[in-house]
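J.: Mind looking over this structure? Questions follow.
The values are calculated or read from the model by the stated rules, or taken from the named source; none is laboratory data. Because the structure is predicted, anything quoted here is derived from the model rather than measured. We place every Cβ from the backbone using ideal geometry, glycine too, and count neighbours over all the protein chains shown.
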Amino acid sequence: MKMQLNGIGKKAIALLLAVFLCLGLTPSALAFCGFFVAQIDANLFNEASQVIIVRDGDRTVLTMANDYQGAAEDFALVVPVPVLLEEDQVNVGDPAVLQRLDEYSAPRLVEYFDSNPCHPPRPRAAPMPAPAMMEMDAGAVAESDRSLGVTIEAEFSVGEYDILILSAQESTGLETWLRQNNYRIPTGASAVLQPYIRQNFKFFVAKVNLEEFKAGESQNLRPLMMAYESPRFMLPIRLGMLNAQGEQDLIIYLITRNGQVELTNYRTVKIPSEFDVPEFVQDEFPDFYQAAFQKAYERERKEVGFLEYAWDMSWCDPCAANPLTPDELRKAGVFWLGETSANQRRPNPPGGGAVDAFITRLHVRYGRDRFPEDLAFQTTGNRQIFQGRYIIRRPYRGEMKCDAAADYRAQVRDRQEREANQLVSVTGWSKTDVFRKIDWFTEPSQPRPWWRNLWDRR
Amino acid sequence: MVKDARIAQIGFLLLFLLLGLSSRDWTIRPELLATVGISCLGTQWLTRNLIPRWRGQGAGPWWGVPGWQSAVITALGLCLLLRGNHAGTMALAGSGAIASKSLFRIQDKHFFNPANFGIILALVLTPDAWVSPGQWGTQAWYFLLFIAAGGIVLRWVGRWDTSMVFLGTYGALEAIRTVLLGWTVDVYFHKLMSGSLLLFALFMVTDPRSIPNAKQARWIWAGAIAWLTFLLQEQLFISTGMFWALFFLAPLTPLLDFLWSAPRFTWQSLGRGFSLKPLN
């Protein structure tokens, strides 16, 4: 498990931004703001794969993060692709962009501070400021291969990878070919390869070119990117289930011009969000989110994809990280920025500002029994925004000398109890533990006898 | 005792809508649902009361909405299926759906399924409309509920055969595809257990007023829609293929009615044994 949040600079920017946003808000709008304090990152989930899919019409740019941890010479990747890819359609990506996307879209924790009940602040009535804009700077075929029915359609090197694009006639031939060429593929692969072959999929096979890798500056393998046109808007997951034990986590960042992306052959469900949590959750935020996710996953019978974030990429509120710059978006595969062709629907405003990209972050935890089909998606016109956001409300702990203080204390006690019960129901944590960890505002006292109300005594 | 099959259908559709809203994580805005309801009933009133009255054919009170049951069924169908960002989109779908019954008529019978027509209209003419085929998931509980509810209504109106031919043909085509491609059987069942597919088969393809009258004609028609749905979904990868298939093949209804003549369906004909007022 890895936490990479509390970089002081990042936190400071986020805080400044949150302050800037809050100052201009009317009290009723405060619910949509807050001080950003923490986020989770995709590395939290063991073996979470990350994929970026950028799509407009049939044009698709697929980026697969490489989280491979073993020796580079043992690395191999086989991905079914719907079209025949040529050399210039494949590229290596920048791992930093994936991390940026992750940070930007991750579930987040925000905090508010109660004001002194004895000196309530005057309501602010300034109009809501414009959304926070970040700076927007701008072959040869061997005889044996033929007998196996496997054709090497293309063979090239990109960055530290040697790539083969294979087509095959029979899955057993492909399995044999892969074994003969020292790809360690799991048993039973041919049964899963067969449907792809019969649908005329090609196979994208990548290995690490050790000389290039050692000569390169990067210590880690970079993401692989491919650009193609296909009416199929899908992600093959069946092959990946062969060699994995149990459930796997997949985080998919889908970027379109229109709006949200949803699954068409599974339900897309929002993760539980927008509720108050006890103060101690700040120290245990990753554990909290994991528990909440697992609970939601089980409640939905382990057969849905979860929506973790949906937002117009021009802004964020509160920002877990700054929105991606146009340059970073291009690195993520957003190909229409700066496009001036006739088919452009919404022109990009000059000098930065709104950027024509909408992100959907889906988190799919899948196992073989509940996810028999590959993931199929569709782009919708849905531009509703959504984020995983959890709120800490800090009680005012300073000196209070007024009649309102007693009421305030009682309110905060009630609030803390509500937060505790909600936390227990969302995470499944033990009630005793949760109640023990809470810094109760006033010492738990005996219930107020009913007759005191009758006599109107304090 | 419910005396009109349409009232039973309204009850079931309402139940599905409430179930979807409460347990399927749908984020439907109430004002959009209201827009659909008002536009459907308003257009029904316009086309069935005001315009006939203006032509001197009207009867009954000026505020009456003749055939309101059909308009409510269409509105509920749209609420269950169509999603959009703006009220204008939903109003276009609602009023277009009802207006299609008056605009596209051959021999005094409309041939587009109104809700389906409204959906296609919104998908084609607006940028923000969509349909979510995955919204029901594939849970067995819903499968049984839809089958049971659909069974009651369809037995009543005598169109059970149409659903069966549609599902049978589609299921057979998917089975052939699964075998040919070598997918495992759970892939097949996952496809067929889709709640959206079932709702379409039981509540949309079977609208007795717009589909062919004769049994043989209905079988050919339902089979053709299943085949086109399969083609659009599996060959052209259009996830909303079933709605397009019904839209494109709906104009075949008058032709099939011409080839196989049979008494036209009326809701009143179901009321034998009950005392029913004429509704439309």
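J.: When residues of the stretch B:81-119 are filtered for being crowded, with 24+ Cβ neighbours inside 10 Å, away from chain A (no Cβ under 14 Å) and in a helix (DSSP H, G or I), how many remain?
T.: Number of matching residues: 10.
J.: Any idea how many residues of the stretch B:11-64 are among the polar types (S, T, N, Q) and crowded, with 16+ Cβ neighbours inside 10 Å?
T.: Filtering the stretch B:11-64 for residues among the polar types (S, T, N, Q) gives B:22-23, B:27, B:35, B:39, B:43-44, B:47, B:49, B:57.
Next cut, crowded, with 16+ Cβ neighbours inside 10 Å only: B:35, B:39, B:43-44, B:47, B:49.
Here the count works out to 6.
Every residue, every condition in (1) at pLDDT 85 or above; (2) assigned to a helix (DSSP H, G or I); (3) farther than 29 Å from B:Leu144 by Cα, yes or no:
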{"position": "B:Phe203", "(1), (2), (3)": "yes, yes, no"}
{"position": "B:Trp219", "(1), (2), (3)": "yes, yes, no"}
{"position": "B:Ile225", "(1), (2), (3)": "yes, yes, no"}
{"position": "B:Phe230", "(1), (2), (3)": "yes, yes, no"}
{"position": "B:Gln233", "(1), (2), (3)": "yes, yes, no"}
{"position": "B:Leu236", "(1), (2), (3)": "yes, no, yes"}
{"position": "B:Trp244", "(1), (2), (3)": "yes, yes, no"}
{"position": "B:Ala262", "(1), (2), (3)": "no, no, yes"}
{"position": "B:Leu270", "(1), (2), (3)": "no, yes, no"}
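J.: Same structure again: Is one or more of the residues making up the stretch B:146-169 out of contact with any His (no Cβ under 8 Å at 6 or more places or on another chain), surrounded by fewer than 21 Cβ atoms within 10 Å (Cβ to Cβ), of a type in the set (A, V, I, L, M) and at the interface with chain A (Cβ under 9 Å from one of its Cβ atoms)?
T.: For the stretch B:146-169, residues out of contact with any His (no Cβ under 8 Å at 6 or more places or on another chain), surrounded by fewer than 21 Cβ atoms within 10 Å (Cβ to Cβ), of a type in the set (A, V, I, L, M) and at the interface with chain A (Cβ under 9 Å from one of its Cβ atoms): absent.
J.: Does A:Ala140 count as closer than 30 Å to A:Arg409 by Cα, among the aliphatic types (A, V, I, L, M) and at pLDDT below 85?
T.: On the way: closer than 30 Å to A:Arg409 by Cα: no; among the aliphatic types (A, V, I, L, M): yes; at pLDDT below 85: yes.
So A:Ala140 fails the test.
J.: Continuing with this model, one more query. Would you tally the residues in the stretch B:120-145 being farther than 26 Å from A:Arg299 by Cα and within 14 Å of another protein chain (Cβ to nearest Cβ)? Before the answer, list the steps.
T.: First pass over the stretch B:120-145, keeping only residues farther than 26 Å from A:Arg299 by Cα: B:120-130.
Still in the running and within 14 Å of another protein chain (Cβ to nearest Cβ): B:122-130.
Looking only at that region, the number is 9.
J.: When you scan the stretch A:103-115, do you find a residue that is assigned to a loop (DSSP other than H, G, I, E, B), out of contact with any strand residue (DSSP E or B) (no Cβ under 7 Å at 6 or more places or on another chain), over 22 Å from A:Gly259 (Cβ atoms) and among the polar types (S, T, N, Q), even just one? Even if it seems obvious, please write down each step before you answer.
T.: Filtering the stretch A:103-115 down to residues assigned to a loop (DSSP other than H, G, I, E, B) leaves A:106-107, A:114-115.
Filter once more, so that each one left must be out of contact with any strand residue (DSSP E or B) (no Cβ under 7 Å at 6 or more places or on another chain): A:115.
Filter once more, keeping what is over 22 Å from A:Gly259 (Cβ atoms): A:115.
Still in the list and also among the polar types (S, T, N, Q): A:115.
Yes, some residue in the stretch A:103-115 is assigned to a loop (DSSP other than H, G, I, E, B), out of contact with any strand residue (DSSP E or B) (no Cβ under 7 Å at 6 or more places or on another chain), over 22 Å from A:Gly259 (Cβ atoms) and among the polar types (S, T, N, Q).
J.: Could you please find all residues in the stretch A:255-273 being in contact with a helix residue (DSSP H, G or I) (Cβ under 8 Å, 6 or more places away or on another chain) and either surrounded by fewer than 18 Cβ atoms within 10 Å (Cβ to Cβ) or more than 7 Å from every other protein chain (Cβ to nearest Cβ) (or both)?
T.: Of all residues in the stretch A:255-273, those in contact with a helix residue (DSSP H, G or I) (Cβ under 8 Å, 6 or more places away or on another chain) come to A:255, A:265, A:269, A:271-272.
Across the stretch A:255-273, the qualifying residues are A:Ile255, A:Ile271, A:Pro272.
J.: Can you tell me which residues in the stretch B:164-201 are within 30 Å of B:Ile7 (Cα to Cα) and in a loop (DSSP other than H, G, I, E, B)?
T.: Answer for the stretch B:164-201, where residues must be within 30 Å of B:Ile7 (Cα to Cα) and in a loop (DSSP other than H, G, I, E, B): B:Met193, B:Ser194.
J.: Taking the stretch A:295-318 only, how many residues are within 14 Å of chain B (Cβ to nearest Cβ) and not in a helix (DSSP H, G or I)?
T.: Kept after step one, since they are within 14 Å of chain B (Cβ to nearest Cβ), are these residues of the stretch A:295-318: A:296-297, A:299-308, A:310, A:312.
In the following step, the residues that additionally are not in a helix (DSSP H, G or I) were identified as A:300-308, A:310, A:312.
Of the residues in that region, 11 qualify.
J.: For B:Ala214, which of the numbered conditions (1) away from chain A (no Cβ under 14 Å); (2) surrounded by 18 or more Cβ atoms within 10 Å (Cβ to Cβ) fails to hold?
T.: Here B:Ala214 clears every test but (2).
J.: Being out of contact with any Gly (no Cβ under 9 Å at 6 or more places or on another chain), acidic (Asp, Glu) and outside the structural domain of A:Arg232 (by TED's automatic domain parsing) is the requirement here; does A:Glu373 meet it? Explain how you work it out, then say what you get.
T.: Details: out of contact with any Gly (no Cβ under 9 Å at 6 or more places or on another chain): yes; acidic (Asp, Glu): yes; outside the structural domain of A:Arg232 (by TED's automatic domain parsing): no.
Considered against the rule, which asks whether it is out of contact with any Gly (no Cβ under 9 Å at 6 or more places or on another chain), acidic (Asp, Glu) and outside the structural domain of A:Arg232 (by TED's automatic domain parsing), A:Glu373 comes out as no.
J.: Determine whether the stretch A:182-189 contains at least one residue that is surrounded by fewer than 16 Cβ atoms within 10 Å (Cβ to Cβ), more than 14 Å from chain B (Cβ to nearest Cβ) and either part of a strand (DSSP E or B) or among the β-branched types (Val, Ile, Thr) (or both).
T.: Checking the stretch A:182-189: at least one residue is surrounded by fewer than 16 Cβ atoms within 10 Å (Cβ to Cβ), more than 14 Å from chain B (Cβ to nearest Cβ) and either part of a strand (DSSP E or B) or among the β-branched types (Val, Ile, Thr) (or both).
J.: Taking the stated definitions as given, is B:Gly84 more than 22 Å from B:Phe12 (Cα to Cα), in the same structural domain as B:Gly20 (by TED's automatic domain parsing) and either among the aromatic types (Phe, Trp, Tyr) or at pLDDT below 90 (or both)?
T.: It is false that B:Gly84 is more than 22 Å from B:Phe12 (Cα to Cα), in the same structural domain as B:Gly20 (by TED's automatic domain parsing) and either among the aromatic types (Phe, Trp, Tyr) or at pLDDT below 90 (or both).
J.: Any residue at all in the stretch B:11-20 that's within 14 Å of chain A (Cβ to nearest Cβ) and under 23 Å from B:Phe200 (Cα atoms)?
T.: Of the stretch B:11-20, the ones within 14 Å of chain A (Cβ to nearest Cβ) are B:19-20.
Retained after the next criterion (residues that are under 23 Å from B:Phe200 (Cα atoms)): B:19-20.
For the stretch B:11-20, residues within 14 Å of chain A (Cβ to nearest Cβ) and under 23 Å from B:Phe200 (Cα atoms): present.
J.: Another question, then. All but one of (1) among the small types (Gly, Ala, Ser); (2) out of contact with any helix residue (DSSP H, G or I) (no Cβ under 8 Å at 6 or more places or on another chain); (3) more than 14 Å from every other protein chain (Cβ to nearest Cβ); (4) surrounded by 19 or more Cβ atoms within 10 Å (Cβ to Cβ) hold for B:Ala172, so report the exception by its number.
T.: Among (1) among the small types (Gly, Ala, Ser); (2) out of contact with any helix residue (DSSP H, G or I) (no Cβ under 8 Å at 6 or more places or on another chain); (3) more than 14 Å from every other protein chain (Cβ to nearest Cβ); (4) surrounded by 19 or more Cβ atoms within 10 Å (Cβ to Cβ), the lone unmet condition for B:Ala172 is (4).
J.: Tally time: how many residues in the stretch B:132-145 are in a helix (DSSP H, G or I) and surrounded by fewer than 21 Cβ atoms within 10 Å (Cβ to Cβ)?
T.: Initial filter on the stretch B:132-145 (in a helix (DSSP H, G or I)): B:140-145.
Cutting the leftovers down to surrounded by fewer than 21 Cβ atoms within 10 Å (Cβ to Cβ) gives us B:140-141, B:143-145.
Matching residues across the stretch B:132-145 total 5.
J.: Which members of the stretch A:386-442 meet the condition of being surrounded by 18 or more Cβ atoms within 10 Å (Cβ to Cβ), among the acidic types (Asp, Glu) and farther than 25 Å from A:Ser105 by Cα?
T.: none
J.: For the condition surrounded by fewer than 16 Cβ atoms within 10 Å (Cβ to Cβ), modelled with pLDDT under 90 and under 22 Å from the mean Cα position of the chain (by Cα), what is the one hit in A:Gly246, A:Gly216, A:Gly240? Steps first, please.
T.: Details: A:Gly216 fails: under 22 Å from the mean Cα position of the chain (by Cα); A:Gly240 fails: surrounded by fewer than 16 Cβ atoms within 10 Å (Cβ to Cβ).
Sole residue among the options that is surrounded by fewer than 16 Cβ atoms within 10 Å (Cβ to Cβ), modelled with pLDDT under 90 and under 22 Å from the mean Cα position of the chain (by Cα): A:Gly246.
J.: Then there is this: Among the residues of the stretch A:219-237 satisfying the criterion of being in a loop (DSSP other than H, G, I, E, B) and within 13 Å of chain B (Cβ to nearest Cβ), which is modelled with the lowest pLDDT? Spell out the reasoning first.
T.: First pass over the stretch A:219-237, keeping only residues in a loop (DSSP other than H, G, I, E, B): A:219-223, A:230-233, A:236-237.
Those left that are additionally within 13 Å of chain B (Cβ to nearest Cβ): A:230-233, A:236-237.
On the way: A:Ser230: 95, A:Pro231: 95, A:Arg232: 95, A:Phe233: 96, A:Pro236: 91, A:Ile237: 88.
This residue is A:Ile237.
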